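Worksheet for the structure shown next.
Just so it is clear, none of the values below were taken in a lab; they were calculated from the coordinates. Quick caveat, the model's predicted, so the values are computed rather than measured. Note that each Cβ is placed from the backbone with ideal geometry, even for glycine, and that neighbours are counted across all protein chains shown.
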Amino acid sequence: MLCRTFARARLTNTVGVTRRYASTEALLKTVLYDDHVELGGKMVPYAGYSLPVQYKDSLINSHLHCRNSASVFDVSHMGKLRIWGDKRIDFIETLVPGDIAGLSANQARLSCLTNEQGGIIDDCMITAKNDHLYMVVNAGCKVKDIAHMQDQLLAFNANQSADVRIELLDPEWELIALQGPKAVDVLTQLVPSSVALAKLPFMFSANINVAGIDCMVTRCGYTGEDGFEIAVPAKKTKELFHKLLENKAVLPAGLGVRDSLRLEAGLSLYGHDLNEETTPVEANLSWLIGKRRREQGGFLGAEKIIDQLKNGAPRKRVGLNILGKAPAREFTEIVDQSGNKIGAVTSGTFSPCLNRPISMGYVATPFSKNGTKLGVNIRGKVSEAEVVKMPFVPSNYYKPT
């Protein structure tokens, strides 16, 4: 794994949170709002919430701490819901292209809600529990996601004589992410000795008592590191948050670090790298679509998505190594070697682990092959760039031995 030590470098304006999500509307607060402020969190508007972009530590130090130790993130702004009913899997498979029927008990799968044109309404995580599906959606999309799902549910129940129903878990449940190579050691100290976290694979969940609190723990995350997302009752969130921070290996981390970590891991951010005009094939997410779903379809936008799987898409999301010193951020033009515009950057930052700028963006498909030499037009000056395979920094997801 790269990035276990690092020489100092400059990392500024990592996510542009205040620019992207600033709003004059009243902001929502998670249960941990006061705790973030007491810990020195710099609070900013994000997806309708007031959340910490960083704490007292620098963004670089905070980023490297997660790569080397363990960090805790408040991700309670994410939408959390359960889907009930005998035909719940049939219902969700009309909305997403993933093979949800193929999940084993307690297995989670990344997928996406698609529209009739094949565009991505949102990306989401779906976990198969014994008697329901547990689903997490993005904070900035959860209102439209739930409205979309409810509209589709009315027609599904009527046509299928079904009784599928959606239960919203906000705000009764909150969500905390514990990420980093030492996350498992930290969590092991808080669970009963009978719980063997070494047997919990990546993308599987379990109902576990953590520090005396009944939680649902999923081994997953948005950093490229080993780690867990812990669904916890809202009234117990503060208690668990501070229990995690009692461990000297753990520091709180904010939105800025979450963004630089996920970009090094080659993970997309909805509203920037993904949107309703972008298909999963264009987004380089074809791996989300199982063989059975490719053959049978049956989800919104299937005709266009399956056609692109067979015949190709006009553009592709790619990773870019930026060979100049200045990061190529969102909206930066991507040009070919003759200076012709062929795409645009959707995310970009300075990588603390690689000590250089990295970006991802969309280019016309003929220019998407790894090793292709391109340019990025940064404030009127073209810097050299090269298409590279993602993730930029090797992921450290856990697999039981």
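Within the stretch 124-139, one or more residues are of a type in the set (A, V, I, L, M, F, W, C), surrounded by 15 or more Cβ atoms within 10 Å (Cβ to Cβ), farther than 30 Å from P45 by Cα and touching a residue at least 40 places away in the same chain (Cβ under 8 Å). Restricting attention to the stretch 186-202 and to residues that are of a type in the set (G, A, S) and in a loop (DSSP other than H, G, I, E, B), the residue that is nearest to P400 (Cα to Cα) turns out to be A196.
Collect the residues in the stretch 48-59 that are over 28 Å from E172 (Cα atoms) and either of a type in the set (K, R) or in contact with a strand residue (DSSP E or B) (Cβ under 9 Å, 6 or more places away or on another chain) (or both), keeping them in residue-number order. K56, D57, L59, listed by residue number. Does R258 satisfy being surrounded by 21 or more Cβ atoms within 10 Å (Cβ to Cβ), more than 30 Å from L64 (Cβ to Cβ) and touching a Phe, Trp or Tyr at 6+ places or on another chain (Cβ under 9 Å)? The answer is no for R258. L153 meets the conditions (1) within 30 Å of S69 (Cβ to Cβ); (2) crowded, with 18+ Cβ neighbours inside 10 Å in every case but one. The failed one is (1).
To keep it simple, each residue is scored yes or no on (1) buried (at least 21 other Cβ atoms within 10 Å of the Cβ); (2) touching a residue at least 60 places away in the same chain (Cβ under 8 Å); (3) touching a helix residue (DSSP H, G or I) at 6+ places or on another chain (Cβ under 6 Å).
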| site | (1), (2), (3) |
| --- | --- |
| S193 | no, no, no |
| A196 | no, no, no |
| K199 | no, yes, no |
| M203 | no, yes, no |
| C220 | yes, yes, no |
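Considering the stretch 49-161, the qualifying strands (runs of 3 or more DSSP E), each wholly inside and each with 2 or more residues that are closer than 19 Å to G298 by Cα, run over 108-114, 120-128. If you take the residues of the stretch 31-48 that are crowded, with 20+ Cβ neighbours inside 10 Å and not in a strand (DSSP E or B), which of them is nearest to the chain's Cα centre (by Cα)? In this case the residue turns out to be A47.
Considering only residues in the stretch 206-218 that are surrounded by fewer than 23 Cβ atoms within 10 Å (Cβ to Cβ) and in contact (Cβ under 8 Å) with a residue 60 or more places away in the chain, the one that is nearest to L168 (Cα to Cα) turns out to be M216. Could you list all residues from the stretch 323-337 that are of a type in the set (K, R) and either buried (at least 17 other Cβ atoms within 10 Å of the Cβ) or under 19 Å from T372 (Cα atoms) (or both)? Scanning the stretch 323-337 gives a single hit, R329.
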